[in-house]
Amino acid sequence: MRLMNIDEKIGQLNQLSSGVATGPEGEKYDLVKEIKGGHVGSLLNIYGADSTYKYQKIAMENTRLKIPMIFGYDVIHGARTSFPIPLGEAASWDLQAMELSARITAIESAALGLHWTFAPMVDICRDPRWGRIMEGAGEDPYLGAQIAKARVKGLQGKDLAQNNTILACAKHFAGYGAVEAGREYNTTTISIRHLRETILPPFKAAVEAGAATVMNAFNDVDGIPASASKFLVTDVLKKEWGFKGFTISDWNSIGEMVSWGTSRDAAEAAQQAMNAGSDMDMCAFAYRNHLKQLVKEGKVLQSQIDESVGRILKMKFALGLFEDPFRYSNAAREKELLFSKPHLEAAREVAKKSIVLLKNEKQLLPLSKKVKSILVVGEVANSKWDMSSTWAGMVETKDNVTILEGIKAKVDKGTKVYYTQGADPKDDKILSLDTAIMLTKKCEVIIMTMGERAWWVGENNSFANIEIRKNELALMNALLKTGKPLIVLLTNGRPIIMSEVAEKAPAILETWWLGSMAGHAIADVLFGDYNPSGKLPVTFPRTAGQIPLYYAQKNTGRPAMTTSDGKYDGGIYRDVVNTPLYPFGYGLSYTTFSYEEIKVLSDSTNIGTPINVTVKVRNTGKIAGEEVVQLYIRDMVTSATQPIKVLKGFKKVMLGPNESKVISFTLTLEDLSIWDKDMVFRQEPGEFKVMAGGNSDKLIMTSFYVK
Ligand code: GLC
């Protein structure tokens, strides 16, 4: 730092795209000239041993102090080996699986010359109209926090100095998932209470897990754009949580403060963001063009800039880039590590565990591999591109295994597998109805994809209409009329409105977008080689009119109820029941489970003393299966209103036929604390209910008292 002049310091705070824009194009620039001028501390949207080597070399040979650049990229669910979209992976509730997925993502990213990924996205979202719901871990802060930790650990490993570990980035700080009406880039209305209770916990967990970087969100929080929020970036992130890494703005989020109307111009935006503690500027040129003058004018202190530069340099040292700026750019490792067999096997494992069985009337599933003939229907069933969806890193979609390919690879040689396009959700017509009907005559069972096209989710993909499309419903009804058993494979990246499908289709699997090995994973479940174990990480509403709808509802002064004369009354809609189509935590298995007992080891405890809870679960079916045992609590009387249940523990356990296990949980002081009426986080005395079950709706319960 002592050796650096102010231009070199400001250069460290500037990130430029190597060419590909993942946001609105800003001012034109000569990248090589910028690098040679020492104005580039980091590049994004670059990858590959060759190009990373090339650009690093330019910096090493043309800058005075030879400070290495750091390379970042959005590797969100796999680099060359594509894993399920994060919302799909969250449905596995398998923290080891998600850590492994992140570990492999880091190995492949590092082999591609990357030092940093802009993941995990930890935004809590309760509005499926928002396309980026696919990037997160769903609606619940506790589940979201556990998953954030697992993903940060997977990406950063135990030692950033290893050349197969990369910096994680918890994003988007904070509240992007709460955009009003689910409309992309919109404003938010977030009370400090909602911020503390629901939005921040996954970020805090990521920071506690050692996340090296945090990304500012595009949105405003209580009227302040997140990149200029001193409360968020300095008071909470750096001071209260002791965050030692650095923040990166989202694409031009500093420049966009002019559009928000809180900055007169880019110079004022730079001043506000820097004084809020935002360290690095992604592609806004605001720091690059204005910080030096702002220091001269005394509007930004040199010490503030030094604080940001120090944080960034520290991470470059931690990555070992000062010893060897080229250590991640190694073509041999690219060849050896990318898309390897073990990585593909892991992708198949994680994908299988992400599938959720929503319905299985009369045990239609699993199918026998000896089934004589199958008709597969749907444009998506034969689409390679869709399987890895958006934010798909460096995947080569030609390598993705389609659903049709997975089914063909699974069944016996003698099984005939027919295929017809049927319908494509992006069109409003059925492409081959009579062919489909004719083919059903030759088939014993029909497997049909329904839902979205994979590019309908991700950034800039908010939809007001999130229903199963009419052409697919018409096709489904026509196929059901043939009387042949029909299995629906939902292919979607958000909760979808599907009440008619839920009512009429005998069997339904939620298959999300599962990545490179999608077809094999789906076939593993369809034909019983894997007993589905996924649980929904987000509520599926009956109709979009219920949004936002999530399990952690409050009792209110007039809860929905059925009066003595059978009238449904209280806090309700007149036209739709309050309950979701599928609740948070819901998912079936090819076997069944029963929750036989829940016990607290002592029925009262003192403030601050943990409470141990045991839950006895039995597999009451004929085949082995995994169950996600979920633990919820309710703090009965509180100084500020609380939900009637909040998730505070979960364990995924394997149970053999008729096997039972006693699962134990410990509820800690933190688990039993709330943000009280004065916004102090503390445990209040009184009665608690504790509940357990295989989803947030069907729970057994007991209680304990905190003295
Ligand atoms: C995008 C996204 C952010 C991403 C960044 C870089 O606009 O909001 O999640 O990491 O820009 O691509």
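So which residues in segment 318-332 are assigned to a helix (DSSP H, G or I) and touching a Leu at 6+ places or on another chain (Cβ under 9 Å)?
Listed by number, the list holds a single entry, Ala318.
Against the numbered list (1) touching a strand residue (DSSP E or B) at 6+ places or on another chain (Cβ under 8 Å); (2) over 22 Å from Lys9 (Cα atoms), Glu334 comes up short only at (1).
If you check Thr187 against the conditions, is it surrounded by fewer than 22 Cβ atoms within 10 Å (Cβ to Cβ) and either farther than 26 Å from Thr491 by Cα or of a type outside the set (Phe, Trp, Tyr) (or both)? Working first, answer last.
On the way: surrounded by fewer than 22 Cβ atoms within 10 Å (Cβ to Cβ): yes; either farther than 26 Å from Thr491 by Cα or of a type outside the set (Phe, Trp, Tyr) (or both): yes.
In short, yes.
Those residues that are of a type outside the set (Gly, Ala, Ser) and more than 20 Å from Ala273 (Cα to Cα), I need them from segment 173-197; list them, please. Val179, Glu180, Arg183, Glu184, Thr189, Ile190, Ile192, Arg193, His194, Leu195, Arg196, Glu197, listed by residue number. Residues in segment 634-665 that are within 26 Å of Lys554 (Cβ to Cβ) and either within 30 Å of the chain's Cα centre (by Cα) or assigned to a strand (DSSP E or B) (or both): 14 in all. Scanning segment 191-236 for residues that are part of a helix (DSSP H, G or I), under 26 Å from Leu672 (Cβ atoms) and either under 18 Å from the mean Cα position of the chain (by Cα) or within 16 Å of the ligand (Cβ to nearest atom) (or both) yields Thr198, Ile199, Pro201, Pro202, Phe203, Lys204, Ala205, Ala206, Val207.
Within the set Lys429, Lys504, the sole residue that is among the basic types (Lys, Arg), in the same structural domain as Glu405 (by TED's automatic domain parsing) and without any contact (Cβ under 8 Å) to a residue 40 or more places away in the chain turns out to be Lys504.
Scan segment 242-259 and report the pairs whose first residue is more than 18 Å from Ala206 (Cβ to Cβ) and whose second residue is within 15 Å of the ligand (Cβ to nearest atom) and part of a helix (DSSP H, G or I), with Cβ atoms within less than 6 Å and a gap of 6+ or a chain change. The qualifying pairs are Ser253/Ser227; Ile254/Ser227.
The number of residues in segment 398-445 being of a type in the set (Ser, Thr, Tyr) and in a helix (DSSP H, G or I) comes to 2. A single entry from Thr579, Thr591, Thr641 fulfils the requirement of being touching a residue at least 12 places away in the same chain (Cβ under 8 Å) and surrounded by 15 or more Cβ atoms within 10 Å (Cβ to Cβ): Thr591. Within the option set Val377, Val371, being surrounded by 16 or more Cβ atoms within 10 Å (Cβ to Cβ) and more than 15 Å from Leu475 (Cα to Cα) holds for one residue only, Val371. Of the residues Trp456, Trp391, the single one that is touching a strand residue (DSSP E or B) at 6+ places or on another chain (Cβ under 9 Å) and aromatic (Phe, Trp, Tyr) is Trp391.
Within segment 552-565, residues that are in a loop (DSSP other than H, G, I, E, B) sit with their Cβ atoms under 6 Å from residues that are among the acidic types (Asp, Glu), at 6+ positions apart or across chains, in these pairs: Thr563/Asp569. Within the option set Glu180, Glu184, being without any contact (Cβ under 8 Å) to a residue 12 or more places away in the chain and farther than 18 Å from Glu307 by Cβ holds for one residue only, Glu180.
When restricted to residues that are crowded, with 21+ Cβ neighbours inside 10 Å and either under 20 Å from Arg103 (Cβ atoms) or within 14 Å of the ligand (Cβ to nearest atom) (or both), segment 38-48 contains 5. Counting the residues of segment 677-707 that are surrounded by 15 or more Cβ atoms within 10 Å (Cβ to Cβ) and free of Cβ contacts under 8 Å to residues at least 40 places away in the same chain gives 0.
Would you pick out the residues in segment 561-576 that are among the aliphatic types (A, V, I, L, M) and in contact with a strand residue (DSSP E or B) (Cβ under 7 Å, 6 or more places away or on another chain)? Met561, the sole residue that qualifies.
With the structure loaded, tell me whether Phe173 is within 16 Å of the ligand (Cβ to nearest atom), hydrophobic (A, V, I, L, M, F, W, C) and within 30 Å of Lys316 (Cβ to Cβ) or whether it fails that test.
Numbers: within 16 Å of the ligand (Cβ to nearest atom): yes; hydrophobic (A, V, I, L, M, F, W, C): yes; within 30 Å of Lys316 (Cβ to Cβ): yes.
Judged against the criteria, Phe173 is a match.
At least 2 residues being more than 16 Å from the ligand (Cβ to nearest atom), farther than 24 Å from Gly649 by Cα and not small (Gly, Ala, Ser) is the threshold, and among the helices (runs of 4 or more DSSP H) wholly inside segment 49-157 those reaching it are 49-62, 95-111.
For segment 237-283, give me each residue that is aromatic (Phe, Trp, Tyr) and either more than 16 Å from the ligand (Cβ to nearest atom) or at pLDDT below 95 (or both).
From segment 237-283, those aromatic (Phe, Trp, Tyr) are 241, 243, 246, 251, 260; that's our starting set.
Hits for segment 237-283 are Trp241, Phe243.
Listed conditions (1) touching a Leu at 6+ places or on another chain (Cβ under 6 Å); (2) surrounded by 19 or more Cβ atoms within 10 Å (Cβ to Cβ) are all met by Pro506, apart from (2).
If you take the residues of segment 446-486 that are of a type in the set (Gly, Ala, Ser) and assigned to a helix (DSSP H, G or I), which of them is surrounded by the fewest Cβ atoms within 10 Å (Cβ to Cβ)? In this case the residue turns out to be Ala474.
The values are calculated or read from the model by the stated rules, or taken from the named source; none is laboratory data. Treat the numbers as computed from the prediction; the structure is a model and nothing was measured. Methodologically, a virtual Cβ is constructed for each residue, glycine included, from the backbone with ideal geometry; neighbour enumeration extends over all protein chains shown.
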